[in-house]
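Comments concern the structure below.
The values are calculated or read from the model by the stated rules, or taken from the named source; none is laboratory data. As the structure is a computational prediction, the values presented were derived from the model and not from experiment. Positions of Cβ are generated from backbone atoms using ideal geometry, with glycine treated the same way; all protein chains shown enter the neighbour counts. SASA here: full protein model, heavy atoms, side chains in, ligands and nucleic acids out. Shrake-Rupley method; radii C 1.70, N 1.55, O 1.52, S 1.80 Å.
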2 protein chains.
Amino acid sequence: MSVTCANTDDLSGLELGYDVPAFPGMAEAEIITPCLVIDLDAFERNIARMRDYLSDHQVRFRAHGKMHKASAIADYQISTGGACGICCQKISEAESFVRNGIEDVLITNQIRGTTRLRRLATLAGTARLLVCVDDPSNVEELSHAVMTAGTRLEVLVEIDCGAGRCGVAPGAPALALARAIDDAPGLSFAGLQAYHGRAQHMRDFSDRRAEIEAAVTQVSETITMLYGAGLSCDIVGGGGTGTYSLEASSGVYNELQCGSYAFMDADYGAIRAADGGGFRDFENALFVLTEVMSHSKPDRAICDAGLKALTLDSGLPKLFEDDLEVLGCSDEHAVIGDPECRLALGDKLRLIPGHCDPTCNLHDWYVGVRDGVVECIWPIDARGKVF
Amino acid sequence: MSVTCANTDDLSGLELGYDVPAFPGMAEAEIITPCLVIDLDAFERNIARMRDYLSDHQVRFRAHGKMHKASAIADYQISTGGACGICCQKISEAESFVRNGIEDVLITNQIRGTTRLRRLATLAGTARLLVCVDDPSNVEELSHAVMTAGTRLEVLVEIDCGAGRCGVAPGAPALALARAIDDAPGLSFAGLQAYHGRAQHMRDFSDRRAEIEAAVTQVSETITMLYGAGLSCDIVGGGGTGTYSLEASSGVYNELQCGSYAFMDADYGAIRAADGGGFRDFENALFVLTEVMSHSKPDRAICDAGLKALTLDSGLPKLFEDDLEVLGCSDEHAVIGDPECRLALGDKLRLIPGHCDPTCNLHDWYVGVRDGVVECIWPIDARGKVF
């Protein structure tokens, strides 16, 4: 299966090194570091595995675009990866995805404030747009915004089933909010947003299972209350890379929102599977390519991937297929322990970032590589869309 | 003293919310969050304090642009803040600064690789450009690059005086490298780069002093060896916000490279001054402005500044002038403990980021605020210049 670069025509005028880290056709060894590299074979296998698994379990898939922030990848997930649409977290992200051709976007977050609401209501006139709420005042604001703009919005009630962040309590508070949406001019009640973020990275499968089982019970009870009040849930959404099999087989969730599965990262690489072994459902497909730029001490190599190339919120990066250890990162450098002085100036290394989402947000381009050759570069066009 | 926006003319065509978080003239309460806000009064006081202190101590100042990554701020530091030029870390950063009018740039880092060297040699034809080396092979590469381009480069020997990253050992290895530079066609030996990064954030002043005293001894001995070999140091560079007074009064360093002093951050806010009290030489001038977007639990407020708005490599952000505590951050949210339920939906808060440099790298704009009104917005034009 081949991946096409949606933006091949747009590369003229870009300067190697200043604007972009690579051009199609270059050898991997020539790529300007540090940059994000996608192993296209591994990426495509990840995409196909999730598609086939969810298809087998007869649940819809709405890939989370907040992970990769690139319309080219969202487009591939929809055209080839079984996704019915995408999720994102911000109105500016949604605008970026819609401008770049994505036509079905769920914002898995609250949108508030005059400017953001106006933009949301406007965007709803150009694509299928869904948004979450966890407060009655927000329902009123959304309704006012779409009535002013002459558009409509589908709205999900976000419930907190253990994450401890946004979301109302399951049960009666969710029902009250769903009723308010159903009553509000210009809004349609579209279902429940029930993502359990805190469960995703729990190391043991049994802990993740216990959390999701509890969530499923809460979601199920809430759905029963909603049905009793004449409200049906088109979408019961949630699920992430760490728990996708649990939501998929729950009989309750009908639309999964996994993001990291496409790339993986060091933190997801550290969770355990159901059999107690490593979680190997998906492969590392995303790397920070870096180069040894200083080796003036015999026992440590300094490479050029620091805090501008990867984030440390989920720990230090790991070397891919190498037992050397990253000892630390500063703004522009990573220090690699190299006791046997195996590395040399100019050596290129693949690092697995600790956490893919915020690491992707640091870069403007993905460099897609196959068989040692750059096949495509994709702009991270929703990068930095933070508002 | 007033700050002018170097880019006021370029704001047409930008969309509020999608492209920019604010426009000049808006009230602070209207700014789209999350975004970086500069308290212009505090910023200007910081700039003036460093200028006056270093002027009094008769050392040059070369502000580190890797901190703010904005040519408008670099320009202000040169025009008003006593800086003779700026520092940065990457050739792409240097290109960005030079393209935006900065004419004297020291890259406090090694530049290697065919493409980067070609760009460096080309850029050296358009501005005063200096670079560091810590390996003899790099001297040859630099010489070849400038001879091919028909330009010249000033080159500093980077010595490691305790940071444990790049840099050769002081003394004989530094002398050998300086001789190689002096002998190399197209290169001029310009001095020593002796920044002690590890010392900057040591909590106790006495620890920082001990580290810098040891560094000063090493630098001084190296300078003596260089003079003995007929090599003089135009630049003896180093110093950061945590140790600037020590290098400035050392009698050895003659060009300081502080960056964070202009903005400060939570980690610098945690170091101690010489008297054991808090380090208050500079004021917090940089904030992540955030808004409470969910308060569905009575004891915690969820605001919209997560890992896309700030980095955690130096710990969680702190609320400015408020004793509430940030309990954690995820990709898009920060959770604030609010036991007395003091915060309400829509409240705007100023967060002090843990570490200013990588936090600034997440954003495309600074919003300059004075007396509650947006006075300017400055593009972070060297953001993401990672290559």
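Name the long-range amide H neighbours of A:S314: under 5 Å, sequence gap of 5 or more, or other chain; modelled H, no Pro or chain starts.
A:H355
When the distances between all Cα atoms of the range A:131-218 are binned every 10 Å from zero, what whole-number percent does each bin get?
Here the calculated profile for the range A:131-218 is 19, 42, 24, 12, 3.
Pairs to check: A:K69/A:K297; A:K66/A:K318; A:K66/A:K348. Give those whose C-alpha atoms are more than 30 Å from each other in this structure.
Details: A:K69/A:K297 38 Å; A:K66/A:K318 23 Å; A:K66/A:K348 28 Å.
Over 30 Å Cα-Cα: A:K69/A:K297.
Return the aspartates and glutamates within reach of A:K385: Cα separation strictly under 15 angstrom, same-chain partners fewer than 8 residues apart disregarded; answer none if there are no such residues.
A:K385 reaches A:E93, A:E95, A:D357, A:D364, B:E15, B:D19, B:D304, B:D331, B:E332, B:D364.
Which three lengths, in whole Å and largest first, does the range A:88-139 cover when its Cα atoms are put on their principal axes?
The Cα atoms of the range A:88-139 stretch 32, 18, 15 Å along the principal axes, largest first.
Need one value: the accessible area of B:L343 in square angstrom, 1.4 angstrom probe, rounded to the nearest 10.
That residue has around 20 Å² of solvent-accessible surface.
Determine Rg/Rh for the range A:284-387; Rg is computed over alpha-carbon atoms and Rh is the Kirkwood hydrodynamic estimate from the same atoms.
Details: Rg = 14.1 Å, Rh = 14.3 Å.
Ratio value, two decimals: 0.98.
From the protein chains alone at 1.4 Å, what is the descending order of accessible area for A:K385, B:K308, largest first?
In descending accessible area the options line up as A:K385, B:K308.
Output ³J(HN,Hα) for the range B:312-321: one whole-Hz value per residue in order, computed from phi by the Karplus curve 6.51 cos²θ - 1.76 cosθ + 1.60 with θ = phi - 60°, and x for Gly and Pro.
Per-residue couplings from phi come out as 10, 4, 10, x, 6, x, 10, 6, 8, 6 Hz.
Just from the alpha-carbon atoms, what are the Rg and Dmax of the range A:1-97 in angstroms?
15.4, 46
Compare A:E141, A:E325 by solvent-accessible area with a 1.4 Å probe and give them largest first, with all protein chains kept in place.
Numbers: A:E141 55, A:E325 120 Å².
Greatest to least solvent exposure: A:E325, A:E141.
Given contacts defined as C-alpha pairs under 8 Å and at least six residues apart, what's the relative contact order of the range A:54-129, whole-number percent? Intermediate values should be presented prior to the final figure.
Values: 97 pairs, mean separation 20.1, N = 76.
Result for the range A:54-129 is 26 percent.
Taking a probe of 1.4 Å, how large is the accessible area per residue of the protein assembly as shown, in Å²?
33
What are the extents of the Cα atoms of the protein assembly as shown along their three principal axes, in Å, largest first?
Result for the protein assembly as shown: principal-axis Cα extents of 91, 58, 46 Å.
If you keep only loop residues by DSSP, which GluC sites (Glu not before Pro) in the range B:31-131 have at most 16 other Cβ atoms within 10 Å of their Cβ? Mind dumping the intermediate values first?
On the way: sites: B:E44, B:E93, B:E95, B:E103; in loops: B:E103.
Taking the range B:31-131 and a limit of 16 other Cβ atoms within 10 Å, the loop GluC sites (Glu not before Pro) found are B:E103.
Over the residues of the range A:326-373, compute the C-alpha Rg and express it relative to 2.2 N^0.38 Å. Mind showing how you got there, number by number?
Working: Rg = 13.4 Å, N = 48, 2.2 N^0.38 = 9.6 Å.
Rounded to two decimals, the normalised Rg is 1.40.
Note down the accessible area of A:W365, probe 1.4 Å, to the nearest 10 Å².
A:W365 exposes around 40 Å² with every protein chain in place.
So in chain A, what percent of DSSP beta bridges are antiparallel if you round to the nearest 5? Present the calculation step by step, with values, prior to reporting the outcome.
Values: 29 of 62 bridges.
If I count the DSSP bridges inside chain A, around 45 percent turn out antiparallel.
Just tell me how shielded B:19-30 is by partners: mean number of partner chain Cβ atoms within 10 Å of each residue's Cβ, no decimals. Write out the running numbers ahead of the final one.
Working: counts 2, 1, 4, 0, 0, 0, 0, 0, 0, 0, 0, 3.
Across the residues of B:19-30, the mean count of other-chain Cβ atoms within 10 Å is 1.
Semi-axes of the equivalent ellipsoid for the range A:43-161, please: Cα gyration tensor eigenvalues, times 5, square-rooted, ordered largest first, whole Å.
Numbers: eigenvalues 149, 48, 25 Å².
That gives 27, 15, 11 Å for the three semi-axes.
Average partner chain C-beta neighbours within 10 Å, per residue of A:161-168?
Mean partner shielding for this stretch: 5.
Suppose a student asked you for the relative contact order of chain B, using Cα pairs under 8 Å spaced at least 6 residues apart; what percent would you report?
Numbers: 885 pairs, mean separation 83.6, N = 387.
After rounding, I find 22 percent.
Classify the range A:62-124: rounded, prolate or oblate, from the alpha-carbon gyration tensor (a ≥ b ≥ c, eigenvalue square roots; a/c under 1.5 rounded; otherwise prolate if a/b is larger than b/c)? Present the calculation step by step, with values, prior to reporting the outcome.
On the way: a/c = 2.35, a/b = 2.01, b/c = 1.17.
Because a/c hits 1.5 or more and a/b exceeds b/c, the range A:62-124 counts as prolate.
Please sort through the DSSP H helices of chain B and keep those with an alpha-carbon extent of at least 27 Å along the long axis and a Kyte-Doolittle average not below -1.0.
Values: long enough: B:205-228 (34 Å, -0.03).
Both cut-offs are met by B:205-228.
Along each of the three principal axes of the Cα atoms of chain B, give the extent in whole Å, ordering the values from largest to smallest.
Here the Cα extents, ordered largest to smallest, are 70, 50, 37 Å.
What does the accessible area of A:R128 come to, in Å² to the nearest 10, when a probe of 1.4 Å is used?
Surface open to solvent at A:R128 totals about 80 Å².
Just to confirm the numbers: B:P339, label point 7 angstrom along the Cα-Cβ line, distances to the other copies in nm, shortest first?
Between copies, matching label points for B:P339 lie 4.7 nm apart.
For the protein assembly as shown, give me the percentage of DSSP beta bridges that are antiparallel, rounded to the nearest 5 percent. All intermediate terms of the calculation are to be shown ahead of the outcome.
On the way: 58 of 124 bridges.
Taking every DSSP beta bridge within the protein assembly as shown, about 45 percent pair in antiparallel fashion.
Under Stokes-Einstein, with the Kirkwood radius over Cα pairs standing in for Rh, what whole-number D in µm²/s applies to the range B:141-270 at 10 °C and 1.306 mPa s? Before the final figure, lay out each step's value.
Numbers: Rh = 15.4 Å.
The Stokes-Einstein estimate is 103 µm²/s.
Determine the relative contact order of the range B:252-375: mean sequence separation of Cα pairs under 8 Å and six or more apart, normalised by residue count, in whole percent.
Details: 228 pairs, mean separation 34.4, N = 124.
It comes to 28 percent, rounded to a whole number.
Over the whole of B:362-374, what's the average partner chain Cβ count within 10 Å per residue? Rounded to a whole number, please.
On the way: counts 8, 2, 4, 1, 0, 0, 0, 0, 0, 0, 0, 0, 0.
Per-residue shielding by partner chains comes out at 1.
Based on the mean of other beta carbon atoms within 10 Å per residue, what is the order of A:269-279, A:291-301, A:247-257, most packed first?
On the way: A:269-279: 13.3, A:291-301: 20.4, A:247-257: 22.6.
Per-residue mean Cβ counts within 10 Å order the peptides as A:247-257, A:291-301, A:269-279.
With a 1.4 Å probe and every protein chain kept in, tell me what percent of the accessible surface of the range A:254-351 is carbon plus sulfur. Let's see the in-between values first.
On the way: 1520 of 3280 Å².
Answer for the range A:254-351 is 46 percent, counting heavy atoms of protein chains only.
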